[in-house]
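Inspection log for the structure reproduced underneath, given as structure tokens.
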Amino acid sequence: MKNFYKIFIAVFSLFVILAFTADNTNPKNKLILDVLKQTLKAYHYQDYDIDNVFSEEVFKLYIEKLDYNKRFFIQSDINEFGAYKYKIDEAVKEGDFTFFELSKKTYLERVQELNKYIEAALKKPFDFTSEATIELDPEKRNFAETKKELKENWLQFLKYSVMTKLASKLDIQEEALKKNDTTVEIKTFAELEEKSREEVKKTYDDWYHRILKIDESDILDIYFNSITGFFDPHTEYMPPKDKENFDIHISGKLEGIGATLSQPNAYIKVEHIVPGSACWKQGELEVGDLILKVAQGAEDPVDVVDMRLDDAIKMIRGKKGTEVRLTVKKADGSIHIIPIIRDVVIIEETFAKSIIIQNSLNNKKIGYIYLPQFYADFDDAKGRRCSEDVEKEVEKLKNEKVEGIIVDLRNNGGGSLTDAVDIVGLFIEKGPVVQVRSRFGMPQVLKDNDAGVLYNGKLVVMVNEFSASASEIMAAAIQDYGRGIIVGSKQTFGKGTVQRFVSFDDIIKNENELKPLGHLKITIQKFYRVNGGATQLKGVLSDIVLPDAYSLIDMGEKDMDNPIEWDEIPKSDYKMWDNSFDTNILKEKSRQRVSSDTSFQIINEYAEYLKENQNKTLISLNIETYRKNEKEREILSKRFKKADRISNGLYFKYTQPDSLDMFSDSIKQERAENWIKILQKDIYLKETFNIINDMK
């Protein structure tokens, strides 16, 4: 695959350069489109024709992405755009941006008109006594026929927003009166309504301020990703800033100051400071500070008030060891210049960690490993990889003489395919782990080539409907080998495809003045279980299914736009694990416990409620009717939350190396204590603990 990629880049570079030099109008946009088109055609897992079918689907995706809630365009706009519905294929082939320019111009015009609608609507009190309703599902609404109707729609949206805040205030006030709580100031309905309108105005002012910063590049990214969306939901054009954020996510580290920033209005606000980071060590930057200017060391500061957040973050991030000086406004109004030496920021929540679980009934110790994603630092040979970290956690747990290990892959969206294979290899003898098929050639088998087994004891893998990609590879291999039990939702997400990044800068070597051009995350392979079946769409079915709030709602890969189809190939040659446990017996014991568990009963009720109400999107704008319906929903919601907060009766203890590591580090101690509090309320972990104890 690597050789194919190099040949592809070499040949394709010449092709694109020759094609591009023939017509260099609107150079950067045309160049990106040309590279995008040719890369998709030559390299995507499935070969599609760029024809009228393509054009129609791209048109649909683009309008949906640009105005999903139908709050900007009116029907005449859509009619005007419709002239291009079957011409996008030709536009892509010819590098024609006429449709894009028209849609951009119209969109920005509608955005400019918005503030007037909002301001006018929020000046007067709303009448909440009528029997009017609002449809919250945009798929059940049509575009407004006229601007007048669009204004009326906005009036309804704003009325709904005010009503939800007003209802909450009335509830708080009524509760205070019942309890004789004198700390709550009692106000009239009119006063509460006015306060609610003020809050909504502030929210929409901030939102409008952010939306005004939308420029051509933002809309262009939507256009390009409507083109990629035709091929499959995971093929995506990434401008440079998005690729940088992706790398941070998958590696768990970045170089910068270690602060989370937001932009609620014109000012950039510090929302969170990462413990142990550069700004945390420096000590002067605080949550709530407003950043006014940014300077690179002793250079002149640049005003970042009203600057796009992305652009400001780019200035604040930087190489380890360099200095950034932030001019900030404190809560008391004072202005400070804070010098910070940038450093590597480690995002600890990214990484694998383990703990020992026990209960009061016996002295059995069960190891628990939490793996939030299959991370890998591809740019640093010495960077952290999840396979190496999980191996270390398994070693720690073995040294503690645990009688079983639970690996938690719930909400793990995947990541490094290679690391998933290596982690499976910790638990099996050598053999195939996953099969990978490209558009070209026969399927390849990725194997664990190490004959040794790091851990051969009892094993359970926890999953849910948000476990995807590499998580499904691991769960499927453990299941197919009979190596352990898969516990959780009925099935996992169902993402059975592999993506790679293609750098457009690598392709275009002689267009330096236009760089950076971004990357294409493109689906180039599909993976299959060792038993031959794809995880695509179907996911991995749990051996033991536990009640889940979303179990009756359709979700996953199959519900996304244009997913690649399921199929199967011949199975690999692999040897089943010699197990002593009987899955059917484990299922029955779990069923009996779950059926008598009040918390799981409530979760089942809540699942039924969600299924019954998922299509009830027509909401009353009569405040009494709304409050009555909300009270009914809140009763069940509170029961569900209560079920989720009951202590599971388990005891947790860190391994000796981890205990020593956090002994003199208050930050690590605080993180450790907070994690235990979360684990103590996890009823799924309690049942999984019981299941692994049932295994012989």
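The values are calculated or read from the model by the stated rules, or taken from the named source; none is laboratory data. Predicted model, so just to flag it, every value in this text is computed and none were measured. Cβ sites come from the backbone with ideal geometry, for glycine too, and all protein chains shown count toward neighbours.
For residue 667, the conditions (1) out of contact with any Gly (no Cβ under 6 Å at 6 or more places or on another chain); (2) touching a residue at least 40 places away in the same chain (Cβ under 8 Å) are fulfilled apart from (1). Only one of the listed residues (551, 503, 572) is under 30 Å from residue 57 (Cβ atoms), surrounded by fewer than 22 Cβ atoms within 10 Å (Cβ to Cβ) and either assigned by TED's automatic domain parsing to the domain that holds residue 57 or touching a strand residue (DSSP E or B) at 6+ places or on another chain (Cβ under 9 Å) (or both). That residue is 503.
Answer yes or no: is there a residue in the range 345-365 that is basic (Lys, Arg), in contact with a strand residue (DSSP E or B) (Cβ under 7 Å, 6 or more places away or on another chain), under 23 Å from residue 243 (Cα atoms) and assigned to a strand (DSSP E or B). Within the range 345-365 (the criterion being basic (Lys, Arg), in contact with a strand residue (DSSP E or B) (Cβ under 7 Å, 6 or more places away or on another chain), under 23 Å from residue 243 (Cα atoms) and assigned to a strand (DSSP E or B)), the answer is no, since none of the residues qualifies. Can you tell me which residues in the range 256-271 are of a type in the set (Val, Ile, Thr) and outside any loop (DSSP other than H, G, I, E, B)? The answer is 260, 268, 270. On inspection, residue 475 fails the criterion of being in a loop (DSSP other than H, G, I, E, B), within 28 Å of the chain's Cα centre (by Cα) and in the same structural domain as residue 594 (by TED's automatic domain parsing). Screening residue 157 with (1) assigned to a helix (DSSP H, G or I); (2) among the hydrophobic types (A, V, I, L, M, F, W, C); (3) in contact with a helix residue (DSSP H, G or I) (Cβ under 7 Å, 6 or more places away or on another chain); (4) surrounded by 16 or more Cβ atoms within 10 Å (Cβ to Cβ) gives one miss only, at (3). The number of residues in the range 552-577 being part of a loop (DSSP other than H, G, I, E, B), acidic (Asp, Glu) and over 24 Å from the mean Cα position of the chain (by Cα) comes to 2. Which ones in the range 406-438 are without any contact (Cβ under 8 Å) to a residue 60 or more places away in the chain and either among the aromatic types (Phe, Trp, Tyr) or more than 17 Å from residue 492 (Cβ to Cβ) (or both)? Passing the criteria: 418, 419, 421, 422, 425, 426, 427, 430. Scan the range 574-609 for residues that are closer than 14 Å to residue 686 by Cβ and without any contact (Cβ under 8 Å) to a residue 40 or more places away in the chain and the total you get is 1.
Taking the condition in the same structural domain as residue 652 (by TED's automatic domain parsing), surrounded by 14 or more Cβ atoms within 10 Å (Cβ to Cβ) and at pLDDT 90 or above, does residue 369 pass? Considered against the rule, which asks whether it is in the same structural domain as residue 652 (by TED's automatic domain parsing), surrounded by 14 or more Cβ atoms within 10 Å (Cβ to Cβ) and at pLDDT 90 or above, residue 369 comes out as yes.
Of all residue pairs spaced 6 or more apart or on separate chains, those with beta-carbon atoms under 6 Å, a first member in the range 272-289 that is at positive phi and a second member that is of a type outside the set (Val, Ile, Thr) are 288/331.
Of the set (1) part of a loop (DSSP other than H, G, I, E, B); (2) buried (at least 19 other Cβ atoms within 10 Å of the Cβ); (3) not β-branched (Val, Ile, Thr), all apply to residue 224 but (1). Is one or more of the residues making up the range 321-341 assigned to a loop (DSSP other than H, G, I, E, B) and either in the same structural domain as residue 212 (by TED's automatic domain parsing) or crowded, with 17+ Cβ neighbours inside 10 Å (or both)? So far as the range 321-341 goes, no, none of its residues is assigned to a loop (DSSP other than H, G, I, E, B) and either in the same structural domain as residue 212 (by TED's automatic domain parsing) or crowded, with 17+ Cβ neighbours inside 10 Å (or both).
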